[in-house]
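First the structure, in the form of structure tokens, and then the observations on it.
The values are calculated or read from the model by the stated rules, or taken from the named source; none is laboratory data. Note that this is a predicted model, so its numbers are computed, not measured. Every residue, glycine as well, gets a Cβ built from its backbone with ideal geometry; the counts of neighbours run over all protein chains shown. Surface areas here come from the heavy atoms of the whole protein model, side chains and all, with no ligands, DNA or RNA. Shrake-Rupley method; radii C 1.70, N 1.55, O 1.52, S 1.80 Å.
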Protein chains: 2
Amino acid sequence: MAEPKENLQMEKIVSLCKRRGFVFQSSEIYGGINGFWDYGPLGAELKRNVKELWWHAMTRQRDDVAGLEATIIMSPKIWEASGHVATFSDPMIDCKTCKGRFRADQISEISCPQKPGKTVSECSGEKTEARPFNLMLQTYVGPIQSDENIAYLRPETAQAIFAQFKNVLETSRQKVPFGIAQVGKAFRNEVTPRNFIFRSREFEQMELEFFIKPDEVIEAIHGSVAKASEISNSQSEISEPQPNWGWEAWHKYWVEERVRFYEGIGLSRETLGFHHQTPAELAHYARACTDILFKFPFSKKDEHGNVTGDELEGIAARSDFDLSQHQRFSGKPMGVFDDELRAAWAKLPKEKQDDLWKRYYDNRKNYLTKSAKPDETAEQIQKQATEDANGLAKGQYIPHVIEPSAGVDRLILALIANAYSEITETDDKGKTETRVTMKFHPRVAPIKVGVLPLLKNKPELVKKAQEVRDLLRPWMNVFYDEAGSIGRRYARQDEAGTPFCLTIDFDTLGEKPELLDTVTIRYRDDGKQERLKISELRDWLLARVR
Amino acid sequence: MAEPKENLQMEKIVSLCKRRGFVFQSSEIYGGINGFWDYGPLGAELKRNVKELWWHAMTRQRDDVAGLEATIIMSPKIWEASGHVATFSDPMIDCKTCKGRFRADQISEISCPQKPGKTVSECSGEKTEARPFNLMLQTYVGPIQSDENIAYLRPETAQAIFAQFKNVLETSRQKVPFGIAQVGKAFRNEVTPRNFIFRSREFEQMELEFFIKPDEVIEAIHGSVAKASEISNSQSEISEPQPNWGWEAWHKYWVEERVRFYEGIGLSRETLGFHHQTPAELAHYARACTDILFKFPFSKKDEHGNVTGDELEGIAARSDFDLSQHQRFSGKPMGVFDDELRAAWAKLPKEKQDDLWKRYYDNRKNYLTKSAKPDETAEQIQKQATEDANGLAKGQYIPHVIEPSAGVDRLILALIANAYSEITETDDKGKTETRVTMKFHPRVAPIKVGVLPLLKNKPELVKKAQEVRDLLRPWMNVFYDEAGSIGRRYARQDEAGTPFCLTIDFDTLGEKPELLDTVTIRYRDDGKQERLKISELRDWLLARVR
């Protein structure tokens, strides 16, 4: 399986990943399977760390987010409600000559499988019109392969969160605004998987759906909605969420929170970019979407010669589209009841009520019209929108949602690309060697610390080193290594991205009495060394690797 | 979707799971999907804890195991090599009258969908012969739904480990004996999913493949193989692995290690059972398999009236079957080279060499014969077995494997069933109330500590409580709760299984000066309370919840 080598840097990264066990081609001994990648020992640890840090930041560190772990296969009705059955497709063109199937928007880039040097659009093969090709992987659940047993592998994790919104609300003692977080696999039958693990067919997502009150509800309760410009999201400061925040403020907040997450694991702001989707790019129900980009080695330059980057995460303001769709398709109410709204509404002057009612009505009517099923009449839609708007007086509404949706695998690739660093040294015999150091942030580094006895054949050094290993191991991932020269062992840990190495030597055993029970700690990034007491090691390291 | 209610205890557990957000039916708002279950906020935390503890015990706490995270969809050739395409099936019978499809071994248990009160075997409908029905979920990868694009959702995680054996060996600096561990989803198109999350169609596994030297190699190097009876695996002691261990010792070791794991998360030996598979039950390549059972509420009694339990985990000695199969199907060598063997072999007397050669040859011939492809001749098999046995002198062999393979979801159900505890109290007004306490081991408990200000309307109590929350939160999952009476808040945490609650009261603020900056800690299981210093809380809790 040939992976297109966009440039030398990507080639080096792919090679390092295989050589050190970060990423292997899935099913490699059988020639691989296009668009699927396995994580080896170091990659699996790196990925676990990233997912754990996200989960920690998004759920455990907050009072206002609950977790969820839903199945990959769900009722196919979910994908009808979400629109994926109808519209999650790429237009494809078949070539009647070579029998190939190609993405319509890529035929002038893809090489013709039969005519060397020509693209699919240049070859003389007779082609069909473009037809939609659904990207969901399909299977059958149950003993009979019939239409009613069709099921899909989820193409995103988000929909399970919407489908379980009411169950989580009722069992978690959360109130809007609050979020539901989920990490898990998703599948897309990409026609052209590419850029290594950036775009694969099986991938993992980390998604938060953060449910908020509609702006009309905020205005009814608090008199006005905080302007987004009042919200601080400078690098030095981030506003605490306030009760009068509407969707713009929450959207701005989550973009900033997510950027800080990336900074906190070693992706500085200089490595990131932003793309604010234009009205033409936005889905009809979305109010805004900001993509956080990373400047990958394969990222293209814009017309000014600047690399803007490729998407790590999108933060979308999705209005009340998702819950509304599931309410309509399932027939189950997805709205919430809000005491504060009911109390506030009763005290509003009539004109204010009418104004808010009308704006809420217009939004609902707009949604209902754009999402109407073929058999729905304008009259039915007006009736439903009226009913929805009448709910405000009773304290009822359908929450809106802000969705920070991140791809795990592309983040792993960003971390690897960001960490990759080479130095070329020529020794006194004129021999040139290039060494790779993976400068991972200690929080994500697969191995936190290497523990190395100076010599393998001195039992007292080995014993002491194993004691240090056992002391630290309950708290972090430790790699114990006694094979080879100390320099080679450092180099191996540098390539694995281990931020710290500890050497146990004769001074540790008390050869210099004042150094008894101390070890040498060596820093990966600059090779600097210092002496630390064994008794202080755990806390010293925990302060740096967590 | 009706879940068969095997008994009252299961009903109570299922009800608690839904009520407190441990487990929800997947796609519930759409009527569910049979055999799929979602984990709610508490369930997701419980499951994360279990997987993290397994991963920690199996990889990070050991020098001799490396991790892997492979894809769910792999090359279909993997499932040809493993035998799943040919034989991973249940015999099914179709009824031509009602068009139903039923497991042949269950027709005398399953009710006929059309004749009330009759089983499928009793009804008069005309039935087909039993035919094999493959349990792998099938899909197509790539733009065209053709035979060459068929792929399967993995029915187990193990095969990816075998397929990546060489890549991991070459990149992780491990040597046999060593293991590869993986946690991940698997799918089986069960005809009759049942017993809640015990047998579902989408589930998660925690599998270790531990690769060892064949007994003939141990004997060549060490002169003899340790007898399993020499290996201590009493409750109080477990032997350290030794170089002269053969498959029996390693098998015994891993059974004991796994039992200790279960004990360490709260499943005492009394709740477990064992089943040693009989020769008739074993797969042809397996030498032994010990199942660790848990006594579930739905577990049946044996003929002596004893509950033996249902399977949590199987620990199988699988010989060299798996790597051998992948070697033959992929054409890629799966053997290892062992310096020590080559050196030892050269020093063996001729008779010893001949003896070991012959035994290794017989084993290989036996495997090759039983697994032969239709076109393989006896001559080819003898030639291959000879070549394999000749490898010994060069230090080459195919590792054997011990496989501890555990199901995550059934372990979660075991932990929930084990933790479930009720007390019924009658108050002085004669009102009877039944309260549930989930007595999870602190290591697996979804929430480690509840932090409760005595009163919600005293800002100084709230502020102090939030400080305590923020102090602990980086280290464990904390639930902050200020709503309702303190008794009700304790009860809510008891039902969630939170082992400790901290109450911040006026003494914390110094009303009794000697109690300044102390909190009340309350134990879930006996309601006992004591006073602890805030400065000592973190370490006190970490010592109990990790």
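Placing one identical point scatterer on every Cα of the range B:66-126 and ignoring solvent, what is log10 I(q)/I(0) from the Debye formula at q = 0.14, 0.19 Å⁻¹?
-0.58, -0.71
Quantify how strongly other chains surround peptide A:18-28 by giving the mean number of their Cβ atoms within 10 Å of each of its Cβ atoms. Please report the intermediate quantities before stating the final value.
Details: counts 3, 2, 2, 11, 1, 1, 9, 3, 10, 13, 7.
Mean partner-chain Cβ count within 10 Å for A:18-28: 6.
Just to confirm the filter: which trypsin sites (Lys or Arg not before Pro) across the range A:450-480 are DSSP coil and have at most 15 other Cβ within 10 angstrom of their Cβ?
A:456
Quick check: convex hull of the Cα atoms in the range B:324-450, volume per residue, rounded to a whole Å³? Before the final figure, lay out each step's value.
Details: hull volume 30.0 nm³, N = 127.
Expressed per residue, the convex hull around the Cα atoms of the range B:324-450 is 236 Å³.
What does the structure give for B:141-148 when I average, per residue, the other chain Cβ atoms found within 10 Å of the residue Cβ?
Numbers: counts 11, 9, 13, 6, 1, 1, 0, 0.
Counting Cβ atoms of other protein chains within 10 Å of each residue's Cβ and averaging gives 5.
Quick check: the distance between the Cα centres of the range A:9-69 and the range B:1-60, to the nearest angstrom?
Taking the Cα centre of the range B:1-60 as reference, the centre of the range A:9-69 is 26 Å away.
Just by accessible area at a 1.4 angstrom probe, what is the order of A:175, A:350 from largest to smallest? Walk me through the numbers before you get to the answer.
Working: A:175 160, A:350 120 Å².
Most to least solvent-accessible, the answer reads A:175, A:350.
According to a simple spin-label model (label point 7 Å from Cα along Cα-to-Cβ), what is the distance in nm between residue A:301 and residue A:269?
Result: 2.5 nm between the two label points.
Under unit Cβ charges (Lys, Arg +1; Asp, Glu -1), what dipole magnitude, rounded to 20 debye, does the range A:255-367 have relative to its Cα centre? Spell out each step's value before the answer.
Numbers: 18 positive and 20 negative charges, 101 e Å.
For this selection, approximately 480 debye.
With a 1.4 Å probe and every protein chain left in place, tell me how much accessible area residue A:345 has, in Å² to the nearest 10.
Here the residue's solvent-accessible area equals roughly 20 Å².
Which one of B:278, B:43, A:434 has its Cα pushed farthest toward the positive end of the charge dipole of the protein assembly as shown, where Lys and Arg give +1 and Asp and Glu give -1 at the Cβ?
Of B:278, B:43, A:434, it is B:278.
Take the Cα atoms of the protein assembly as shown, find their three principal axes, and give me the spread along each one in whole Å, biggest first.
Here the Cα extents, ordered largest to smallest, are 105, 81, 79 Å.
Mind checking Rg over Rh on the range A:265-408, alpha carbons, Kirkwood formula for Rh? All intermediate terms of the calculation are to be shown ahead of the outcome.
Values: Rg = 20.1 Å, Rh = 18.0 Å.
Rg/Rh for the range A:265-408 comes to 1.11.
Return, ordered by residue number, the residues of the range A:462-487 whose backbone nitrogen is under 12 Å from a label point located 7 Å along Cα→Cβ of residue A:433.
Hits in the range A:462-487 for residue A:433 at 12 Å: A:485-487.
Can you give the charge dipole size of chain A about its Cα centre, rounded to the nearest 20 debye, using +1 on the beta carbon of Lys and Arg and -1 on the beta carbon of Asp and Glu? Each step should come with its number before you reach the end.
On the way: 78 positive and 83 negative charges, 197 e Å.
About 940 debye.
Which pairs in the list A:166/B:51; A:394/B:431; B:463/B:533 are over 24 Å apart, alpha-carbon to alpha-carbon? Before the final figure, lay out each step's value.
Working: A:166/B:51 27 Å; A:394/B:431 35 Å; B:463/B:533 17 Å.
In this structure, A:166/B:51; A:394/B:431 lie more than 24 Å apart at Cα.
Go through A:504-510, A:7-13, A:193-199 and give me the packing order, highest mean Cβ count within 10 Å leading. Write out the running numbers ahead of the final one.
Numbers: A:504-510: 19.3, A:7-13: 14.6, A:193-199: 21.0.
Ranked by mean Cβ neighbours within 10 Å, highest first: A:193-199, A:504-510, A:7-13.
What whole-number distance in Å separates the alpha-carbon centres of the range B:260-337 and the range A:109-188?
36 Å
Using a Förster distance of 41 Å, how high is the FRET efficiency between residue B:379 and residue B:237, based on the Cβ-Cβ distance and rounded to 0.05? Provide the component values of the computation, followed by the final result.
On the way: r = 51 Å, r/R0 = 1.25.
Result of the calculation: an efficiency of 0.20.
How much length would be gained if the chain were fully extended between residue B:283 and residue B:109, taking 0.36 nm per residue of separation minus their Cα-Cα distance, in nm to one decimal?
Full-extension gain reported as 60.0 nm.
Using the eigenvalues of the Cα gyration tensor, what equivalent ellipsoid semi-axes result for the range A:44-152 when each is taken as the square root of five times the eigenvalue, whole Å, largest first?
Numbers: eigenvalues 310, 104, 34 Å².
Three semi-axes, in Å: 39, 23, 13.
Using only alpha carbon positions, build the gyration tensor of the range A:304-387, then give the equivalent ellipsoid semi-axes as the square roots of 5 times its eigenvalues, largest first, whole angstrom.
Working: eigenvalues 197, 90, 43 Å².
Whole-Å semi-axes of the equivalent ellipsoid: 31, 21, 15.
Once you have the Cα-Cα distance between residue B:148 and residue B:131, take 0.36 nm times their residue separation minus that, and quote the gain in nm to one decimal. Could the numbers behind the result be given before it?
Values: separation 17, 0.36 × 17 = 6.12 nm, distance 2.43 nm.
Taking residue B:148 through residue B:131 to full extension adds about 3.7 nm, to one decimal.
I need the fraction of alpha carbon pairs in the range A:21-78 separated by more than 12 Å, rounded to a whole percent.
Percentage above 12 Å: 76.
Looking at B:53, B:9, B:100, which one has the Cα that reaches farthest to the positive end of the dipole of the range B:9-109 (charges on Cβ: Lys, Arg +1; Asp, Glu -1)?
Value computed over the given set: B:9.
If one computes the Cα centroid of the range B:346-368 and of the range B:528-546, what distance in Å separates the two points?
60 Å
If the cut-off is 27 Å between C-alpha atoms, which lysines fall inside it for residue A:127, apart from same-chain ones fewer than 8 positions away?
A:96, A:99, A:115, A:118
Can you give the Kirkwood hydrodynamic radius of the range B:241-287 from its Cα pairs, in Å with one decimal? Let's see the in-between values first.
Working: mean 1/r = 0.0793 Å⁻¹.
Computed over the range B:241-287, the radius equals 12.6 Å.
Quick one: in the range B:122-187, what % of C-alpha pairs are over 21 Å apart? Please list the in-between numbers first.
On the way: 1180 of 2145 pairs.
I get 55 percent for the Cα pairs in the range B:122-187 exceeding 21 Å.
Run the helix sum for the protein assembly as shown: -39,500 (n - 2.57) per DSSP H stretch of 4+ residues, divided by residue count, reported at 222 nm to the nearest 500 deg cm²/dmol.
On the way: 32 runs with 359 residues, N = 1092.
About -10000 deg cm²/dmol.
With charges only on Cβ, +1 for K and R and -1 for D and E, what is the dipole size of the range A:1-103 about its Cα centre, in debye, rounded to 20?
Value, rounded to 20: 320 debye.
Mind putting together the pair-distance distribution for the range B:139-295? All Cα pairs, 10 Å bins, whole percent per bin, short to long.
8, 25, 37, 20, 8, 2
Regarding chain A, what whole-number volume in Å³ per residue does the convex hull of its Cα atoms give? Numbers along the way, then the final one.
On the way: hull volume 122.0 nm³, N = 546.
That works out to 223 Å³ per residue.
Compute the convex hull volume of the Cα atoms of the range A:425-546, divide it by the residue count, and report the result per residue in Å³ as a whole number.
Details: hull volume 13.4 nm³, N = 122.
About 110 Å³ per residue, rounded to a whole number.
Give me the log10 of I(q) over I(0) for the range B:441-486 at q = 0.30 Å⁻¹, as the Debye formula computes it from C-alpha points; what are the numbers?
Result of the Debye calculation: -1.05.
With unit charges on the beta carbons (Lys and Arg positive, Asp and Glu negative) and the dipole taken about the Cα centre of the protein assembly as shown, which residue among B:25, A:413, B:79 sits farthest to the positive side?
Checking the options against the dipole of the protein assembly as shown, the answer is B:79.
Which percent of the Cα-Cα distances in the range A:266-342 go past 18 Å?
Details: 1739 of 2926 pairs.
Across the range A:266-342, Cα pairs with separations above 18 Å total 59 percent.
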